[in-house]
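**Q** My questions will all concern the structure given below.
The values are calculated or read from the model by the stated rules, or taken from the named source; none is laboratory data. These numbers were taken from a predicted model, which means no experiment stands behind them. Ideal geometry is used to build each Cβ from the backbone, glycine not excepted, and the neighbour counts take in all protein chains shown.
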Amino acid sequence: MSNDSKPNEIILTPMQRGISSTTFTGRPQGMQLRETLKLDLIDLDDYKYIIRIPEGTTSFNPSFYLGLFFPSYKKLKGVEGFKNKYEIVSQEKDEELRLLLEKHLIECERQAQNEYAGRTGLDSIF
Amino acid sequence: MKEILDYLFNGWTIEEIRGLVALIMLLGIVVGLMTFIIERSIARYNRKSENRKKWLIEIIISPEIENINKYFEDFILNFESQINELTDSTNLKIESAQVFLLKKAKFISEGHGFNKIFIDTFVGLIYEYDKNVGSTLKNLMVSLTDKYTTSIGNLSIDDKSTIQEFSQFCNFIKSKFYRELFKMVDY
(Lines give C-alpha, C1' and ligand atoms only; values in the text may rest on other atoms or scores of the structure.)
Protein backbone atom coordinates (compact mmCIF):
# COMPACT_ATOMS: atom_id res chain seq x y z
CA MET A 1 0.00 0.00 0.00
CA SER A 2 1.39 3.41 -0.94
CA ASN A 3 1.73 6.34 1.39
CA ASP A 4 -1.05 8.25 -0.42
CA SER A 5 -3.65 5.46 -0.48
CA LYS A 6 -6.45 4.80 1.99
CA PRO A 7 -5.12 4.60 5.59
CA ASN A 8 -4.88 1.26 7.36
CA GLU A 9 -7.15 0.67 10.32
CA ILE A 10 -6.39 -0.36 13.86
CA ILE A 11 -9.63 -1.26 15.56
CA LEU A 12 -9.60 -1.32 19.34
CA THR A 13 -12.07 -3.76 20.88
CA PRO A 14 -14.26 -3.59 24.00
CA MET A 15 -12.24 -6.53 25.40
CA GLN A 16 -9.13 -4.36 25.33
CA ARG A 17 -10.82 -2.08 27.89
CA GLY A 18 -10.88 -4.98 30.34
CA ILE A 19 -13.65 -7.32 31.38
CA SER A 20 -16.96 -5.44 31.83
CA SER A 21 -15.09 -2.13 31.69
CA THR A 22 -16.17 0.91 29.70
CA THR A 23 -12.88 2.78 30.10
CA PHE A 24 -9.35 2.68 28.77
CA THR A 25 -7.16 3.45 31.81
CA GLY A 26 -3.66 2.85 33.16
CA ARG A 27 -0.24 3.40 31.65
CA PRO A 28 0.86 -0.27 32.01
CA GLN A 29 -2.34 -1.36 30.24
CA GLY A 30 -1.63 1.10 27.42
CA MET A 31 1.94 -0.16 27.11
CA GLN A 32 0.72 -3.74 27.02
CA LEU A 33 -1.70 -2.97 24.20
CA ARG A 34 1.09 -1.16 22.38
CA GLU A 35 3.05 -4.41 22.40
CA THR A 36 0.05 -6.41 21.24
CA LEU A 37 -0.56 -4.01 18.36
CA LYS A 38 3.18 -3.93 17.53
CA LEU A 39 3.14 -0.14 17.36
CA ASP A 40 6.94 -0.03 17.63
CA LEU A 41 7.12 -1.59 14.18
CA ILE A 42 4.13 0.28 12.78
CA ASP A 43 5.75 3.61 13.79
CA LEU A 44 8.59 2.86 11.39
CA ASP A 45 6.56 2.10 8.25
CA ASP A 46 5.41 4.66 5.68
CA TYR A 47 1.65 4.12 5.99
CA LYS A 48 -1.03 6.17 7.70
CA TYR A 49 -3.38 4.63 10.25
CA ILE A 50 -6.82 5.29 11.65
CA ILE A 51 -7.26 4.04 15.21
CA ARG A 52 -10.90 3.33 16.05
CA ILE A 53 -12.17 3.47 19.63
CA PRO A 54 -15.08 1.10 20.23
CA GLU A 55 -18.65 2.10 20.93
CA GLY A 56 -19.70 2.23 24.59
CA THR A 57 -16.40 3.73 25.77
CA THR A 58 -16.96 6.24 28.57
CA SER A 59 -13.36 7.35 29.00
CA PHE A 60 -9.98 7.29 27.33
CA ASN A 61 -7.60 8.36 30.09
CA PRO A 62 -4.30 10.20 29.53
CA SER A 63 -2.45 7.47 31.45
CA PHE A 64 -3.59 4.84 28.91
CA TYR A 65 -3.00 7.17 25.96
CA LEU A 66 0.56 7.90 27.08
CA GLY A 67 1.31 4.21 27.64
CA LEU A 68 -0.05 3.38 24.20
CA PHE A 69 1.25 6.29 22.14
CA PHE A 70 4.01 8.20 23.92
CA PRO A 71 6.86 6.14 22.39
CA SER A 72 5.32 7.00 18.99
CA TYR A 73 5.42 10.72 19.85
CA LYS A 74 9.13 10.31 20.55
CA LYS A 75 9.83 8.32 17.39
CA LEU A 76 7.75 10.62 15.19
CA LYS A 77 9.25 13.71 16.80
CA GLY A 78 6.24 15.25 18.47
CA VAL A 79 2.59 15.92 17.93
CA GLU A 80 2.83 16.94 14.26
CA GLY A 81 4.64 13.76 13.27
CA PHE A 82 2.21 11.69 15.30
CA LYS A 83 -0.86 13.31 13.75
CA ASN A 84 0.54 12.92 10.26
CA LYS A 85 0.65 9.18 10.79
CA TYR A 86 -2.20 8.40 13.18
CA GLU A 87 -5.77 9.59 13.36
CA ILE A 88 -7.81 8.53 16.37
CA VAL A 89 -11.59 8.37 15.94
CA SER A 90 -14.46 7.22 18.08
CA GLN A 91 -16.97 4.76 16.67
CA GLU A 92 -19.60 5.98 19.14
CA LYS A 93 -23.00 6.60 17.56
CA ASP A 94 -24.35 8.70 20.45
CA GLU A 95 -23.22 12.21 19.56
CA GLU A 96 -23.05 13.50 23.15
CA LEU A 97 -20.92 10.56 24.22
CA ARG A 98 -18.69 10.92 21.18
CA LEU A 99 -18.12 14.62 21.94
CA LEU A 100 -17.14 13.78 25.51
CA LEU A 101 -14.66 11.23 24.25
CA GLU A 102 -13.23 13.71 21.77
CA LYS A 103 -12.64 16.09 24.68
CA HIS A 104 -10.75 13.32 26.46
CA LEU A 105 -8.59 12.82 23.39
CA ILE A 106 -7.78 16.55 23.22
CA GLU A 107 -6.68 16.42 26.86
CA CYS A 108 -4.64 13.27 26.18
CA GLU A 109 -2.90 15.02 23.30
CA ARG A 110 -2.17 18.07 25.45
CA GLN A 111 -0.57 15.89 28.12
CA ALA A 112 1.47 13.99 25.53
CA GLN A 113 2.67 17.32 24.09
CA ASN A 114 3.62 18.55 27.57
CA GLU A 115 5.44 15.33 28.39
CA TYR A 116 7.25 15.42 25.05
CA ALA A 117 8.35 19.02 25.62
CA GLY A 118 9.12 18.43 29.33
CA ARG A 119 6.54 21.04 30.34
CA THR A 120 3.92 21.18 33.08
CA GLY A 121 0.31 22.30 32.84
CA LEU A 122 1.44 25.65 34.23
CA ASP A 123 2.92 26.52 30.84
CA SER A 124 -0.50 26.47 29.28
CA ILE A 125 -1.87 28.76 32.01
CA PHE A 126 0.83 31.48 31.99
CA MET B 1 66.10 19.06 69.58
CA LYS B 2 69.22 21.04 68.73
CA GLU B 3 70.71 17.87 67.25
CA ILE B 4 67.69 17.31 65.03
CA LEU B 5 67.77 20.93 63.78
CA ASP B 6 71.51 20.69 63.14
CA TYR B 7 70.89 17.49 61.17
CA LEU B 8 68.00 18.95 59.13
CA PHE B 9 69.52 22.31 58.33
CA ASN B 10 73.15 21.28 58.11
CA GLY B 11 74.85 23.62 55.64
CA TRP B 12 71.85 26.09 55.43
CA THR B 13 72.55 29.80 55.85
CA ILE B 14 70.46 31.80 58.32
CA GLU B 15 68.80 33.64 55.36
CA GLU B 16 67.78 30.32 53.82
CA ILE B 17 66.23 29.18 57.09
CA ARG B 18 64.42 32.56 57.46
CA GLY B 19 63.12 32.18 53.87
CA LEU B 20 61.79 28.71 54.69
CA VAL B 21 60.09 29.98 57.86
CA ALA B 22 58.52 32.85 55.87
CA LEU B 23 57.29 30.38 53.23
CA ILE B 24 55.73 28.13 55.89
CA MET B 25 54.00 31.15 57.46
CA LEU B 26 52.73 32.25 54.07
CA LEU B 27 51.37 28.77 53.37
CA GLY B 28 49.65 28.83 56.78
CA ILE B 29 48.00 32.15 55.92
CA VAL B 30 46.86 30.83 52.49
CA VAL B 31 45.43 27.63 54.02
CA GLY B 32 43.67 29.69 56.72
CA LEU B 33 42.23 32.05 54.12
CA MET B 34 41.01 29.16 51.95
CA THR B 35 39.39 27.46 54.93
CA PHE B 36 37.64 30.75 55.76
CA ILE B 37 36.37 31.15 52.17
CA ILE B 38 35.14 27.52 52.00
CA GLU B 39 33.39 27.83 55.38
CA ARG B 40 31.70 31.05 54.27
CA SER B 41 30.57 29.42 50.99
CA ILE B 42 29.12 26.40 52.80
CA ALA B 43 27.35 28.67 55.31
CA ARG B 44 25.97 30.79 52.45
CA TYR B 45 24.79 27.67 50.60
CA ASN B 46 23.12 26.32 53.75
CA ARG B 47 21.51 29.67 54.45
CA LYS B 48 20.25 29.88 50.85
CA SER B 49 18.91 26.32 51.06
CA GLU B 50 17.20 27.10 54.39
CA ASN B 51 15.72 30.29 52.90
CA ARG B 52 14.38 28.30 49.93
CA LYS B 53 12.79 25.76 52.27
CA LYS B 54 11.35 28.53 54.44
CA TRP B 55 9.98 30.24 51.33
CA LEU B 56 8.53 26.96 50.08
CA ILE B 57 6.77 26.28 53.39
CA GLU B 58 5.55 29.83 54.03
CA ILE B 59 4.62 30.92 50.52
CA ILE B 60 3.71 27.73 48.65
CA ILE B 61 2.74 24.89 51.00
CA SER B 62 1.20 26.36 54.18
CA PRO B 63 -1.36 28.63 52.47
CA GLU B 64 -2.44 25.65 50.34
CA ILE B 65 -2.89 23.03 53.10
CA GLU B 66 -6.54 23.97 53.59
CA ASN B 67 -7.17 23.86 49.83
CA ILE B 68 -5.43 20.49 49.48
CA ASN B 69 -7.56 19.01 52.28
CA LYS B 70 -10.67 20.53 50.77
CA TYR B 71 -9.76 19.21 47.33
CA PHE B 72 -9.54 15.60 48.57
CA GLU B 73 -12.70 15.94 50.71
CA ASP B 74 -14.68 17.47 47.84
CA PHE B 75 -13.43 14.81 45.47
CA ILE B 76 -14.79 12.06 47.74
CA LEU B 77 -18.10 13.91 48.31
CA ASN B 78 -18.50 14.51 44.60
CA PHE B 79 -17.81 10.83 43.86
CA GLU B 80 -20.32 9.75 46.51
CA SER B 81 -23.07 11.93 45.09
CA GLN B 82 -22.33 10.69 41.56
CA ILE B 83 -22.50 7.03 42.61
CA ASN B 84 -25.73 7.69 44.51
CA GLU B 85 -27.25 9.26 41.44
CA LEU B 86 -26.06 6.45 39.16
CA THR B 87 -27.42 3.74 41.44
CA ASP B 88 -30.66 5.52 42.37
CA SER B 89 -33.35 2.91 41.83
CA THR B 90 -35.94 5.49 40.74
CA ASN B 91 -33.69 6.71 37.96
CA LEU B 92 -32.71 3.19 36.94
CA LYS B 93 -36.31 2.20 36.28
CA ILE B 94 -36.87 4.96 33.77
CA GLU B 95 -33.44 5.27 32.17
CA SER B 96 -32.08 3.20 29.34
CA ALA B 97 -28.65 1.55 29.34
CA GLN B 98 -27.46 4.26 26.94
CA VAL B 99 -28.49 7.04 29.35
CA PHE B 100 -26.69 5.19 32.17
CA LEU B 101 -23.57 5.03 29.99
CA LEU B 102 -23.79 8.69 29.05
CA LYS B 103 -24.19 9.70 32.70
CA LYS B 104 -21.10 7.70 33.59
CA ALA B 105 -19.13 9.45 30.83
CA LYS B 106 -20.33 12.89 32.01
CA PHE B 107 -19.39 12.17 35.62
CA ILE B 108 -15.98 10.86 34.60
CA SER B 109 -15.36 14.05 32.58
CA GLU B 110 -16.36 16.17 35.57
CA GLY B 111 -13.88 14.32 37.77
CA HIS B 112 -11.12 14.69 35.20
CA GLY B 113 -11.75 18.44 35.01
CA PHE B 114 -11.65 18.69 38.81
CA ASN B 115 -8.29 16.88 38.93
CA LYS B 116 -6.83 18.72 35.95
CA ILE B 117 -7.04 22.10 37.69
CA PHE B 118 -5.29 20.73 40.77
CA ILE B 119 -2.56 18.96 38.75
CA ASP B 120 -1.93 21.93 36.46
CA THR B 121 -1.72 24.52 39.22
CA PHE B 122 -0.44 23.28 42.57
CA VAL B 123 1.35 20.13 41.36
CA GLY B 124 2.71 22.09 38.38
CA LEU B 125 4.16 24.68 40.76
CA ILE B 126 5.86 22.00 42.86
CA TYR B 127 7.22 20.44 39.65
CA GLU B 128 8.85 23.76 38.73
CA TYR B 129 10.58 23.76 42.14
CA ASP B 130 11.53 20.08 42.32
CA LYS B 131 11.03 17.89 39.26
CA ASN B 132 11.36 14.58 41.13
CA VAL B 133 8.80 15.42 43.80
CA GLY B 134 6.55 17.07 41.19
CA SER B 135 6.61 13.91 39.07
CA THR B 136 5.83 11.69 42.07
CA LEU B 137 2.90 13.93 43.04
CA LYS B 138 1.65 13.93 39.47
CA ASN B 139 1.82 10.14 39.31
CA LEU B 140 -0.18 9.93 42.54
CA MET B 141 -2.84 12.18 41.07
CA VAL B 142 -2.88 10.16 37.85
CA SER B 143 -3.47 6.96 39.83
CA LEU B 144 -6.31 8.72 41.67
CA THR B 145 -7.83 9.83 38.35
CA ASP B 146 -7.56 6.27 37.03
CA LYS B 147 -9.16 4.79 40.16
CA TYR B 148 -11.97 7.32 39.90
CA THR B 149 -12.46 6.53 36.21
CA THR B 150 -12.56 2.75 36.64
CA SER B 151 -14.78 3.00 39.75
CA ILE B 152 -17.42 4.85 37.74
CA GLY B 153 -16.74 3.16 34.41
CA ASN B 154 -17.02 -0.36 35.83
CA LEU B 155 -19.96 0.42 38.12
CA SER B 156 -22.83 -2.00 37.99
CA ILE B 157 -26.29 -0.61 38.63
CA ASP B 158 -26.75 -1.83 42.22
CA ASP B 159 -23.27 -1.47 43.65
CA LYS B 160 -22.64 1.22 46.28
CA SER B 161 -19.73 -0.55 47.96
CA THR B 162 -17.42 1.31 45.61
CA ILE B 163 -17.97 4.52 47.63
CA GLN B 164 -16.13 3.19 50.68
CA GLU B 165 -13.41 1.60 48.58
CA PHE B 166 -12.82 4.82 46.65
CA SER B 167 -12.88 6.93 49.79
CA GLN B 168 -10.18 4.71 51.37
CA PHE B 169 -8.07 4.91 48.23
CA CYS B 170 -8.44 8.68 48.10
CA ASN B 171 -7.31 9.04 51.73
CA PHE B 172 -4.37 6.73 51.05
CA ILE B 173 -3.31 8.93 48.12
CA LYS B 174 -3.78 12.04 50.26
CA SER B 175 -1.43 10.72 52.97
CA LYS B 176 1.17 9.72 50.37
CA PHE B 177 0.77 13.15 48.75
CA TYR B 178 1.61 14.92 52.02
CA ARG B 179 4.49 12.55 52.77
CA GLU B 180 6.08 13.32 49.39
CA LEU B 181 5.36 17.03 49.67
CA PHE B 182 7.08 17.38 53.03
CA LYS B 183 10.07 15.32 51.93
CA MET B 184 11.16 18.47 50.09
CA VAL B 185 11.47 20.37 53.34
CA ASP B 186 12.82 17.47 55.47
CA TYR B 187 9.84 17.40 57.81
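**Q** Checking A:GLU55 against (1) part of a helix (DSSP H, G or I); (2) within 14 Å of chain B (Cβ to nearest Cβ), which single condition isn't satisfied?
**A** Only one criterion in (1) part of a helix (DSSP H, G or I); (2) within 14 Å of chain B (Cβ to nearest Cβ) is unmet by A:GLU55, namely (1).
**Q** Still on this structure: Can you name the number of the only condition in (1) over 18 Å from the mean Cα position of the chain (by Cα); (2) outside any helix (DSSP H, G or I); (3) more than 14 Å from chain A (Cβ to nearest Cβ) that B:GLU73 fails?
**A** If we test B:GLU73 against (1) over 18 Å from the mean Cα position of the chain (by Cα); (2) outside any helix (DSSP H, G or I); (3) more than 14 Å from chain A (Cβ to nearest Cβ), just (2) comes out false.
**Q** Same structure again: So which of B:LYS2, B:LYS53, B:LYS48 is more than 45 Å from the chain's Cα centre (by Cα) and either within 30 Å of B:ILE126 (Cα to Cα) or modelled with pLDDT under 85 (or both)? Walk me through how you get there before you give the answer.
**A** Values: B:LYS53 fails: more than 45 Å from the chain's Cα centre (by Cα); B:LYS48 fails: more than 45 Å from the chain's Cα centre (by Cα).
The match here is B:LYS2.
**Q** Moving on. Suppose we filter B:LEU155, B:LEU86 for residues that are buried (at least 18 other Cβ atoms within 10 Å of the Cβ), at pLDDT 85 or above, within 14 Å of chain A (Cβ to nearest Cβ) and outside any loop (DSSP other than H, G, I, E, B); which single one remains?
**A** Details: B:LEU155 fails: outside any loop (DSSP other than H, G, I, E, B).
So the residue among B:LEU155, B:LEU86 that is buried (at least 18 other Cβ atoms within 10 Å of the Cβ), at pLDDT 85 or above, within 14 Å of chain A (Cβ to nearest Cβ) and outside any loop (DSSP other than H, G, I, E, B) is B:LEU86.
**Q** Let me ask something else about it. Consider B:ILE68 carefully, then state whether it is within 30 Å of the chain's Cα centre (by Cα), assigned to a helix (DSSP H, G or I), within 30 Å of B:PHE114 (Cα to Cα) and at pLDDT 85 or above. Give the derivation first.
**A** Working: within 30 Å of the chain's Cα centre (by Cα): yes; assigned to a helix (DSSP H, G or I): yes; within 30 Å of B:PHE114 (Cα to Cα): yes; at pLDDT 85 or above: yes.
Yes: the conditions hold for B:ILE68.
**Q** Residues of segment B:89-113 being of a type in the set (Lys, Arg) and either at pLDDT 90 or above or surrounded by 13 or more Cβ atoms within 10 Å (Cβ to Cβ) (or both), which ones?
**A** Hits for segment B:89-113 are B:LYS103, B:LYS104, B:LYS106.
**Q** For the structure I just gave you, tell me whether A:LEU105 is free of Cβ contacts under 8 Å to residues at least 60 places away in the same chain, buried (at least 18 other Cβ atoms within 10 Å of the Cβ), assigned to a helix (DSSP H, G or I) and within 14 Å of another protein chain (Cβ to nearest Cβ).
**A** Values: free of Cβ contacts under 8 Å to residues at least 60 places away in the same chain: yes; buried (at least 18 other Cβ atoms within 10 Å of the Cβ): no; assigned to a helix (DSSP H, G or I): yes; within 14 Å of another protein chain (Cβ to nearest Cβ): yes.
Here the answer is no, as A:LEU105 does not meet what is asked.
**Q** Need the failing condition index for B:THR149 against (1) assigned to a loop (DSSP other than H, G, I, E, B); (2) of a type outside the set (A, V, I, L, M); (3) surrounded by 15 or more Cβ atoms within 10 Å (Cβ to Cβ), just the number.
**A** (1)
**Q** Which residues, taken from segment B:123-141, are touching a Lys or Arg at 6+ places or on another chain (Cβ under 8 Å) and without any contact (Cβ under 8 Å) to a residue 12 or more places away in the chain?
**A** Kept after step one, since they are touching a Lys or Arg at 6+ places or on another chain (Cβ under 8 Å), are these residues of segment B:123-141: B:123, B:127, B:133, B:140.
Matches in segment B:123-141: B:TYR127 only.
**Q** Do you know which residues across segment B:105-122 are over 19 Å from A:GLY26 (Cα atoms) and more than 8 Å from chain A (Cβ to nearest Cβ)?
**A** Residues of segment B:105-122 over 19 Å from A:GLY26 (Cα atoms): B:106, B:117-118, B:120-122.
Residues satisfying the conditions are B:ILE117, B:PHE118, B:PHE122.
**Q** Scan segment B:55-65 and tell me whether some residue there is touching a residue at least 40 places away in the same chain (Cβ under 8 Å) and either of a type in the set (Lys, Arg) or surrounded by fewer than 10 Cβ atoms within 10 Å (Cβ to Cβ) (or both).
**A** No, segment B:55-65 contains no residue that is touching a residue at least 40 places away in the same chain (Cβ under 8 Å) and either of a type in the set (Lys, Arg) or surrounded by fewer than 10 Cβ atoms within 10 Å (Cβ to Cβ) (or both).
Residue-wise test of (1) in a helix (DSSP H, G or I); (2) over 30 Å from B:LEU101 (Cα atoms); (3) under 13 Å from the mean Cα position of the chain (by Cα); (4) not hydrophobic (A, V, I, L, M, F, W, C).
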site	(1), (2), (3), (4)
A:LYS6	no, yes, no, yes
A:MET31	yes, no, yes, no
A:TYR47	no, yes, no, yes
A:PHE64	yes, no, yes, no
A:SER72	yes, yes, yes, yes
A:VAL89	no, no, yes, no
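**Q** Could you list all residues from segment B:134-176 that are within 11 Å of the chain's Cα centre (by Cα) and over 22 Å from A:PHE64 (Cα atoms)?
**A** Residue satisfying the conditions is B:LYS176 alone.
**Q** Filter segment A:22-45 down to the residues that are within 14 Å of chain B (Cβ to nearest Cβ) and buried (at least 19 other Cβ atoms within 10 Å of the Cβ) and list them by number.
**A** Across segment A:22-45, the qualifying residues are A:THR22, A:THR23, A:PHE24, A:THR25, A:GLY26, A:ARG27, A:GLN29, A:GLY30.
**Q** Taking the conditions exactly as written (within 13 Å of chain A (Cβ to nearest Cβ) and either modelled with pLDDT of 90 or more or at negative phi (or both)), does B:ASN132 satisfy them or not?
**A** Details: within 13 Å of chain A (Cβ to nearest Cβ): no; either modelled with pLDDT of 90 or more or at negative phi (or both): yes.
No, not satisfied.
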